[in-house]
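What follows is calculated from the coordinates using simple rules that are stated; it is not laboratory data. Only a predicted model underlies this, so the values are computations on that prediction, with no experimental measurement involved. Positions of Cβ are generated from backbone atoms using ideal geometry, with glycine treated the same way; all protein chains shown enter the neighbour counts.
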Amino acid sequence: LAEMAAGLEKDGLALKMIPTFVTRLPQGHETVTIYALDIGGSNLRVIRDRLSGNGKIVQEKVVKKTIPDAIQKSDASQLFDFVADAIAEAMIGDDTKDKSLGFTFSFPVSQTALASGTLIKWTKGFTAAGVENNDVVALLDKALKRKGVDVTVAALANDTTGTMMAGAYQSPGSDCCIGLILGTGSNACYVEKIENVKKWKGDPTASGLMAINIEWGNFDSEKRQVLPLTEFDKMLDKQSPNYGSQIYEKLMSGMYLGEIVRLVIKQLQSRNLLLSGTASSQSLDRPYAFDTAFLSQIVADNTPDLQETLSLLRNIGVVNSTLAERQALKEIATAVGVRAAQLAAVGIAAVVTKMGKGATGCSVAVDGSVYEHFPGFRVNMQATMAKILGNDKVKMVLTKDGSGNGAAVIAAVH
Amino acid sequence: LIKNLHFEAKYFCVLMSKHLFNTRMSSETKKNVDLKTVAIGAVAVGAVVVAGAALLRLLKKDQTGRRTTNPAAAEAALASNVSLHEAVTALKNQFSVSPVKLDEIKNVRSHPFFQCELPFLIVSNTIGVFG
């Protein structure tokens, strides 16, 4: 709570608390056809969404493209022309006028308005020239004009805000005011009163509200006073490309859970306690060789001799394993997964407390593979929240494809 | 008032010295306690407070959330010649987010420090000053 309050006062702190320029929540009765563009990395999607007014979002058309490596490394014109072509393809057969589009762009962006944001730095292998330090919405607009595609880019969003907005549309009346991503990475957003956003230099919003992108993965990264780090967490952090940051995310997101277990296995191997055969040792030497999806499969394995775990281990090159070793592996994977769920619940409980909804409750829109697929994750998270808040009034709502549909909802209500 | 407080402070230090060093002192000695004795007493009290704070800090660093003087118990268990079962149990302890820890995150006032040590320090220091 202290880090959140500090981040609302000034920039440059552990929790960025970024104003998203999303100032209104949907009611669920909005009726419109609207487009969503989702560039999450090398894959892009253009979705024609129909908001049908009863809380339902129908994806009428989806165009998926892989951005070729040559385009990723070309320049702004070539990249956004490629994107404009995909949008044009999604619009075939739609005769409506005044088309709008919500744009989810999963790269570091400094947002300056609802439909304006500057790319701070390319990540994920992109190097297209002339995009960094430029407004990505303006670049897309230019490409759309060049290609004669008649659509207005109404909103620039991130996946967390999109998930919250999609959840709010799909669950009208549930007071959905928090968005959570628990996938490869983790982040959350919530709706804050504008007077609490001390660093906000703009005019007060009409609604008096502002959705805040917490960027919560970086919680406790500076002070290291709260999170219970094990030696394996510290090891993982030290060996990661972003050493010292995103420590909260490293305890609970899909990118890292498998690696934590791999580090545990390696330590047990070095003590000749687990999977210590020669062939077994080498196959787990490579960092990130143990995928979080493997953990889900191991935890879910209820066969008598853990046969599924046996075949999974064989698939990754661990030929020999005893039942006792597989049972140990399952116990470790379960412990790491339970901890992730508990820590995610702690974060949501803090946000709920910040909003003053601990007693009345609200709903949380959640998207991401860890929440969706890790066995027991939802139950553990819900139980931990109930324990902290003293009631079970905060409800988690799985909101699939929030990054796609949510941008469309944002564009529709603003 | 200052004169009286000065006397009380000196008398407290004498009592402290008596308890700490088991020295016998006459009433005449008590009256003639000089500033040096007061300083020694103050340093002794300060050292106890600093040592206590250092101990609390050490205890707080326990990763499992348990208040123990042996925060590296899990690592030590692993380092020794233990069975797989014992090693896994130690690891599960490391990864457990104990109810104590959750309470600490929920509300800092529920931290054992605030439940026990802080009131103790306040009471003992109050007695020390006014004693």
Worksheet entry | Pair-distance profile P(r), taking every C-alpha pair of segment A:203-349, with 5 angstrom steps and integer % | 2, 9, 18, 20, 16, 12, 9, 6, 3, 2, 1, 1, 1, 0
Practice prompt. Pop out the ³J(HN,Hα) list for segment A:306-313 in order, Karplus 6.51 cos²θ - 1.76 cosθ + 1.60 with θ = phi - 60°, rounded to Hz; leave Gly and Pro as x.
Written response: 6, 5, 5, 5, 4, 5, 5, 4
Worksheet entry | Crossing angle, helix A:254-270 versus chain A [Cα axis fit, 0-90 degrees, rounded to tens] | 20 degrees
Practice prompt. Can you check what the Kirkwood hydrodynamic radius comes to for segment A:160-239, Cα pairs only, in Å to one decimal?
Written response: 15.0 Å
Worksheet item: Any idea how many Lys pairs in segment A:162-302 come in under 26 angstrom at the alpha carbon, given 8 or more places apart or on separate chains?
Response: 11
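Arrange the following residues from fewest to most other Cβ atoms within 10 Å of their Cβ: A:D220, A:D159. Please report the intermediate quantities before stating the final value.
Working: A:D220 17, A:D159 27.
Ascending Cβ contact count within 10 Å gives the list A:D220, A:D159.
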Discussion item. If you fit an axis through the alpha-carbon atoms of helix A:76-90 and take the longest principal axis of the Cα set of chain A, what angle between them do you get, 0 to 90°, nearest 10?
Written reply: 80 degrees
Item to complete: Search the structure for amide H atoms under 5 Å from the amide H of A:S100, placed 1.01 Å from N in the peptide plane, and list their residues when 5 or more places away or on another chain.
Response: A:Y35, A:T152
Worksheet entry | In segment A:26-181, lysine pairs with alpha-carbon atoms under 20 angstrom apart (chain gap of 8 or more, or interchain) | 19
Practice prompt. Go from 0 up to the bin containing the longest alpha carbon distance in segment A:279-414, width 5 Å each, and give me the % of pairs per bin.
Written response: 2, 9, 16, 16, 14, 13, 11, 8, 6, 4, 1, 0
Worksheet entry | Leading residue at positive end of dipole, chain A (Cβ point charges), from A:T118, A:G317, A:A2 | A:A2
Discussion item. How shielded is A:321-329 by partner chains, expressed as the average number of their Cβ atoms within 10 Å of its Cβ atoms?
Written reply: 2
Fill in: Distant-in-sequence amide H partners of A:S116 (H built 1.01 Å from N, under 5 Å)
A:L156
Item to complete: Starting from the Kirkwood radius over alpha-carbon pairs of chain A, derive D by Stokes-Einstein at 25 °C in a medium of 0.890 mPa s and give it in µm² s⁻¹.
Response: 109 µm²/s
Response to the item:
Given A:186-196, A:140-150, A:337-347, the highest-first ranking by average Cβ count within 10 Å works out to A:337-347, A:186-196, A:140-150
Worksheet item: So what are the three principal axis dimensions of segment A:177-282 from its Cα atoms, in whole Å, longest to shortest?
Response: 66, 25, 21
Worksheet item: Rounded to the nearest 0.05, what FRET efficiency do A:N272 and A:V62 have when you use their Cβ-Cβ distance and R0 = 56 Å?
Response: 0.60
Worksheet item: Cross-link partners among aspartates and glutamates for A:K393, C-alpha distance below 17 Å, same-chain residues fewer than 8 apart left out?
Response: A:D175
Item to complete: Round to the nearest 10 and give me the degree value, 0 to 90, for the angle of helix A:377-389's Cα axis relative to the longest principal axis of chain A.
Response: 80 degrees
Item to complete: Pop the C-beta distance of A:N320 and A:E9 into the FRET formula with R0 = 60 Å and round what comes out to the nearest 0.05.
Response: 0.60
Practice prompt. Would you please give the residues with an amide H less than 5 Å from that of A:L209, counting only those at least 5 places away or on a separate chain, with H modeled from the backbone geometry?
Written response: A:I194
Response to the item:
The extension gain from A:T152 to A:K238, computed as 0.36 nm times the residue separation minus the Cα-Cα distance, is 26.5 nm
Worksheet item: Can you give the percent of C-alpha pairs in segment A:1-112 whose distance is more than 17 Å?
Response: 66 percent
